[in-house]
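Structure first, commentary second.
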Amino acid sequence: MLSLTIDEREVDVKEGATILEAAEAAGVYVPTFCYHKRLMPFGACRMCVVEVEQMKGRLVPSCSTPATNGMVIHTNTAEVRKARKTLLELLLVHHPLDCPVCDKGGECKLQDLVYEYELTENRFQDSKFGYPVDYYSPLIERNTNRCVLCGMCARVCDEVVGVAAISFVDRGFKTVIGTNFERVLNCEFCGECVNICPVGALTDKLFKYKARSWELKKVNTICSYCSTGCTLTLGIKGNSIYRIIGDDTIGVNKGSLCAKGRFGYQYITSPERMNSPLIKNEAGELVRVTWEEALERAAKGFTEVKEKRGAEHIGGICSDRLTNEEVYLFQKFMRAALGTNNIDHAGGFSYSGLLKGFKSSLGYAANDITLNDVRCADVIFVVRSNLSETHPVIGYQVNMAVKRDESQLIVASDKTIKLNKLAAVSLTHKPGTEIVLLNGLIQAIISENLYDKELVSSSTEGFEQLKAKTARYGFDYVEKITGIKEDKIRETARLLSQNKKVCILVSAGLGIISDDEKLAQAVANLAMLTGMVGRKGSGIGFLGEKCNSQGTLDMGALPHLLPGFEEVSDEKARNAFEEAWKTSIPSQPGQSALEMFEGAEKGSINALYLVGENPVVSYPDTAQTIKALESLDFLVVQDLFLTPTAKCADVVLPAASFAEKSGTYTNFERRVQKLNCGLNKLEGVKTDLEIFGELSLKMGYEMNTSTPDEVMKEIGTLVPLYTEVNYSRLGEEGIVWGSPNGGKETTLYGEKLSKVKARFIPVEVDEAMLEPDKDYPLLLLVGSVLFHSGSLSTKSPELDQVGPGGWVAMSMEDARDYQLTDGQPVFVRSKRGEIALKVKINKKQTKGTVFIPYHFESQPVNTLTSKDLRPTFVEIRKG
Amino acid sequence: MAGESSGKKKVVEKEITPEEWGEIDQIIADHRDKPGSLIPVLQQVQDICGFLPEEVQNRIAEGLDVHPSYVYGVITFYSFFTLVPRGRNVVRLCMGTACYVQGTNKMLGKLKQNLGIDVEETTEDMRYSLETVRCLGACGLAPVMVVNQDTHGLLNIDKAIEIVKEYE
Ligand code: SF4
Ligand code: SF4
Ligand code: SF4
Ligand code: FES
Ligand code: FES
């Protein structure tokens, strides 16, 4: 500890702190331009100068000068003020005085400081710069004339985002922030540079000339895209969002956002949004009706099927973008009002697959890790996860961990991804062979005696079986199947077992064969073996695709689980719910989403309730999906847009967006965070919560909860994991469920796995599945891309602008063999169907594979895939 | 935003030959996955091509997996990298304070006239490139001019032109 005096105030700070940090701790304000706590010290602007008595007469930059014991510091002497004032004068020599038309006006650091230092005239004169303004880049406008060269934009882009798309260019007096050859921005469009720029040199084009910053009402809420759960600050005027920014004092993201979170909000005000319920008339057309009529019709339709065929002939599938409260009510509606366990959600394909495996191995279908653990890890092992695209803000943490704190990164991926350039070990394996690779690692760790013997013998079961089953995964065999050489496997095995803080990250939704459950078990095996579960700061992070992937599981949108992971077949658990809900619940587990679609075609499912789900676009095998929907007696679809799925419905119910409602989402850390309603609902729509309540009432079952708060109270009484979650206690940090200390700690499994029953479950895959067909030689990979998440983001025109659809990525080698060039139209054909796309040659694509994102209605990749959970092979011919 | 806004510059066109591309790719391959290798790669590539045009920068950026803006930033920061082909002889006139007051500014005007090129340009026969620098650290010899590696001090206009002529 160091003690020092700043402006007469005594303060203690820890060794290594800078004077600026000490001032902050003492509550003394020091102006800065180039300092930001998210960035490494830079010490370039000298705005932060202070006087140190011990350094008589010299002014030192406080942001980059270490504090020492006994220092006496003055931050606001005449000398200091004069130096700062001169600095401002110099900046203003070239700075255009266009504050009246600058979007930064009102929140500009330069403006504020000029005001604070009462600068009314300038001793210096010179001409203004007159650099051309970049009006042409998407989303971001760059006006170099306003730049104060603090370098924060270039540093955040490199140090945090890991892109370095803008940089100091030229030297001396000519130095500017720029791009190569003054080209337009070619980057991830995360807007972090805009957010950090203290002046109006980088501005948000969507916000341009729309409003003055002080007119905006600020509402903090949670991003509705991925499961990172970033806090967004909405800027609202009237009843519209004018911009979204990150506030670096709050949220798991501490102000960082990605392109989706920052720019992907315009779907909310899209003219395509539905604003009236629709029902299908005699002629088969969807016509506008009142809510009363629509709900009547929906209730009648479900009641008829229930009475004629039985409740087990009805199914419901919801999106993992609903709030916890909504998911809870949805499954309650299905179970209590309709009387069926046929409940599932979209993540049912992947995330719940992953977590099912996890639950069988470790007892909980949930992670025991935080974003901060990733940031602080010694070793990060990324498996089947292009997380810089699917969960960009988690990607930023990995980037910072590696670049700033020298964490060792291991990347196991079937193609080269952005993270590879940071990796200490790159395990670029043949597609679909992750489990073989993991078994190889397990084999290496066991045979080299690197495993955590104490933990294995005291807290786990099944080690001997694991050892026996993985014995055949010797180096030669693993290399043959995966293409990964012995030395890399040995090195990875060592890194994983000989470091203290180790995190494994796995993403949902990138599986080629639906082996998610097995993958989870294999990862869990590795984690138990190396002792990285049940140890603080280490663990596994399964990253769900959607904002509430975890909460949707917690709330029981599953055929076999009630809220809180209670088995429906468990009588005692069931009884508790039956008693509270005053009804009976079927004891048999229901059908999964895929089973329901199969059942629809066969006639065992006759009515479906799809909430925020668009299976025609996002489920495999579109032809089968449509056939199944057409075979139904009755279909209700609830969504924001008239999706291709909604067009098949008998009743369509328009729902509210995340910004128009409150409630909670649970992120990948199990952190329950509160959504704050920012906008009045679009006229004519209701929130999903309202719809479930009203529909249930129409069916004669009263839920008695009409606000999210009331629903959460009910959840708290029935779900032990959520008893701590109480709206009055949900501050800006949220609450991590199942952890002591009011959710401040995350020790779900307990130290050394003391709270769970941990089991090794050996897994293997059918390697023959990965053999291509001679007519269909290319393996199809389906997944998501940086600028999109689900199909919602495609309704935000600005994301479509930077990330348009309509392409198939293929490797250089394959493009050469097929004699295809970039942008050439082609047909991609599988056994099931064919779609027309344009070729995008991607040097990072692995030979023998092609990649198509699934977000776009206009490129229905799922016409190619199948629901049998086997890999899809395709052929490509010129269009 | 590199360079002056004085209209189009006289730049000698030079294509990168297939052999040069081969060597560039080899240099990139030798340094791939080694941290901190950007500057050595740029140096070696410039030794081969004589300059670092956009297409070469893009190749290096892609090969080393860094953003082209970053590469461009590094190149424009160091005066020993050049974006355009330089002549066989690079004439650098010091514009530091000491030299400036001794008249290098006027000398520059004369040299431009004499060589028929502006600053940061190259004569068509590739014999000379003209550049300016800030203080060469030889203020005692002001005014100072450096041609290739040779420093010439205590100059006047005629002497400077004579010296330049000696370089083939
Ligand atoms: S938007 Fe993001 S990626 Fe693009 S330049 Fe700014 S910080 Fe870098
Ligand atoms: S553009 Fe903004 S953030 Fe970047 S250096 Fe200039 S003033 Fe700083
Ligand atoms: S999409 Fe994910 S990473 Fe991006 S801002 Fe939203 S929560 Fe954060
Ligand atoms: S803030 Fe300290 S030098 Fe810029
Ligand atoms: S000013 Fe020319 S050498 Fe110093």
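The values are calculated or read from the model by the stated rules, or taken from the named source; none is laboratory data. On a predicted model such as this, the values are computed, not experimentally measured, just so you know. Glycine also receives a Cβ, built like all others from the backbone with ideal geometry; neighbour counts cover every protein chain displayed.
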Filter result (modelled with pLDDT of 90 or more and out of contact with any Lys or Arg (no Cβ under 9 Å at 6 or more places or on another chain)) within the range B:115-134: none
Among (1) among the aliphatic types (A, V, I, L, M); (2) assigned to a loop (DSSP other than H, G, I, E, B); (3) without any contact (Cβ under 8 Å) to a residue 40 or more places away in the chain; (4) surrounded by 20 or more Cβ atoms within 10 Å (Cβ to Cβ) - the single one A:Ala211 does not satisfy: (4)
Residue match in the range A:174-197 (condition: in contact (Cβ under 8 Å) with a residue 60 or more places away in the chain, among the hydrophobic types (A, V, I, L, M, F, W, C), within 16 Å of ligand 4 (Cβ to nearest atom) and buried (at least 17 other Cβ atoms within 10 Å of the Cβ)): yes
Matching entry among A:Cys157, A:Cys153 (being within 11 Å of chain B (Cβ to nearest Cβ) and of a type outside the set (Lys, Arg)): A:Cys157
Residues satisfying the stated conditions in the range A:132-149, i.e. assigned to a loop (DSSP other than H, G, I, E, B) and within 14 Å of chain B (Cβ to nearest Cβ): A:Pro132, A:Val133, A:Ser137, A:Asn143, A:Cys147, A:Leu149
Residue within the range A:768-783 that is under 28 Å from the mean Cα position of the chain (by Cα) and assigned to a loop (DSSP other than H, G, I, E, B) present: no
Residue within the range A:378-397 that is touching a strand residue (DSSP E or B) at 6+ places or on another chain (Cβ under 8 Å), of a type in the set (A, V, I, L, M), over 21 Å from A:Asn525 (Cα atoms) and in a helix (DSSP H, G or I) present: yes
Subset of the range A:750-782 that is charged (D, E, K, R) and under 18 Å from A:Arg829 (Cα atoms) - its residue that is surrounded by the fewest Cβ atoms within 10 Å (Cβ to Cβ): A:Lys774
Single match in A:Pro61, A:Pro100 (criterion: surrounded by 17 or more Cβ atoms within 10 Å (Cβ to Cβ) and free of Cβ contacts under 8 Å to residues at least 24 places away in the same chain): A:Pro61
Filtered residues of the range B:35-82 (kept if away from chain A (no Cβ under 13 Å) and not in a loop (DSSP other than H, G, I, E, B)): B:Ile39, B:Pro40, B:Val41, B:Leu42, B:Gln43, B:Gln44, B:Val45, B:Gln46, B:Asp47, B:Ile48, B:Cys49
Matching option when the condition is away from chain B (no Cβ under 14 Å) and modelled with pLDDT of 90 or more, among A:Ser866, A:Ser811: A:Ser811
Wholly enclosed strands (runs of 3 or more DSSP E) of the range A:403-511 bearing at least 3 residues of a type in the set (A, V, I, L, M): A:408-413, A:502-507
Criterion (more than 14 Å from A:Val383 (Cβ to Cβ), within 14 Å of another protein chain (Cβ to nearest Cβ) and surrounded by fewer than 22 Cβ atoms within 10 Å (Cβ to Cβ)) met by exactly one of A:Lys485, A:Lys467, A:Lys421, A:Lys453: A:Lys421
Selection count, the range A:818-846, where residues are closer than 20 Å to A:Asn386 by Cβ, in contact with a strand residue (DSSP E or B) (Cβ under 9 Å, 6 or more places away or on another chain) and part of a loop (DSSP other than H, G, I, E, B): 4
Tally of residues being loosely packed, with under 14 Cβ neighbours inside 10 Å and within 14 Å of chain B (Cβ to nearest Cβ) across the range A:103-131: 3
Qualifying residue in the range A:173-194 (condition: among the small types (Gly, Ala, Ser) and either facing chain B (nearest Cβ under 7 Å) or under 25 Å from B:Glu54 (Cα atoms) (or both)): yes
Residues satisfying the stated conditions in the range A:67-78, i.e. touching a strand residue (DSSP E or B) at 6+ places or on another chain (Cβ under 6 Å) and surrounded by fewer than 23 Cβ atoms within 10 Å (Cβ to Cβ): A:Asn69, A:Met71, A:Val72, A:His74, A:Thr75, A:Thr77
Residues within the range A:214-227 that are in contact with a Ser or Thr (Cβ under 9 Å, 6 or more places away or on another chain) and either within 16 Å of ligand 2 (Cβ to nearest atom) or part of a strand (DSSP E or B) (or both), tallied: 5
From the options B:Glu4, B:Glu15, residue that is modelled with pLDDT under 90, among the charged types (D, E, K, R), over 30 Å from B:Glu166 (Cβ atoms) and within 18 Å of the chain's Cα centre (by Cα): B:Glu15
Condition met for A:Phe189 (among the aromatic types (Phe, Trp, Tyr), touching a helix residue (DSSP H, G or I) at 6+ places or on another chain (Cβ under 9 Å), at pLDDT 95 or above and more than 13 Å from ligand 2 (Cβ to nearest atom)): yes
